[in-house]
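In what follows, a single structure is set out as structure tokens and then discussed.
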Amino acid sequence: DLPAPMKVGRTLQLLCPARPGVQPRTLVDAGTGALGSPGVSFDGKTVYFSMAQDGAPFFHIYKVAADGSGLTKLTEGPFHDIDPAELPDGRIVFTSTRIGYFEEYHNPPSRALFTMNADGTDIRPLTHTIIFDNEPEILADGRILMLRSDNFFDRGKVETMLHAIHPDGSDGYTAVGD
């Protein structure tokens, strides 16, 4: 139940050109920490990802140019910020525990979606949930598709739904699930 990127490792690597026999080039090394959930900007020039460097207690959102230059930390604070994705308007949507709620049954921190400008400013909540919103993905029409899950440990049950919302947080609905 602790928030972490779904796809996690220690290095972010570039394979260019992407074909057999080409050696990957390391863009970012998390050292003894971890990084994950990379997403590429629409123009292909920037990679957004989550990282907890060398023993840091929280994951935060970073960006780096596709050539490995300009590593920049975009979020701060005692929160887990993971799963960044660029929106068509250039803002970033991401999953965070900064909503300040705790799951009702076993009290892990709830995860909601937030948006911010590409430079890390103007962080705002997009969803308000006491459960878990994770892994936002951008659909072709600009809507955000995410996993919304709720754990019922006493019954050995996990409900997972694909939920969609507009980039302003409006008109949310369950696309697949109960």
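The values are calculated or read from the model by the stated rules, or taken from the named source; none is laboratory data. Just so we're clear, the structure is a prediction, and the values are computed from it rather than from any experiment. Ideal geometry is used to build each Cβ from the backbone, glycine not excepted, and the neighbour counts take in all protein chains shown. Each accessible area value is taken on the protein alone, full model and side chains, heavy atoms only, with ligands, DNA and RNA left out. Shrake-Rupley method; radii C 1.70, N 1.55, O 1.52, S 1.80 Å.
This model, with +1 at the C-beta of Lys and Arg and -1 at the C-beta of Asp and Glu, gives the chain a dipole about its Cα centre of some 540 debye.
Building the convex hull from the alpha-carbon atoms of the stretch 11-59 and averaging its projection over directions returns 3.9 nm². Over the chain, all Cα pairs binned in 10 Å intervals from 0 give whole-percent P(r) values of 10, 37, 34, 16, 3, 0, listed from short to long. Projecting the Cα positions of Val93, Asn117, Thr46 onto the charge dipole of the chain (unit charges on Cβ atoms of Lys, Arg, Asp and Glu, taken about the Cα centre) puts Thr46 furthest along the positive direction. Considering only GluC sites (Glu not before Pro) in DSSP loops that have at most 13 other Cβ atoms within 10 Å, the longest stretch of the chain without any of them is 1-75. When the charge dipole of the stretch 1-151 is built from unit charges on Cβ atoms (+1 for Lys and Arg, -1 for Asp and Glu) and taken about the Cα centre, the candidate among Phe79, Leu126, Leu12 whose Cα reaches farthest toward its positive end is Leu12. Over the stretch 28-149, accessible surface divided per residue gives 42 Å², non-protein components excluded, 1.4 Å probe.
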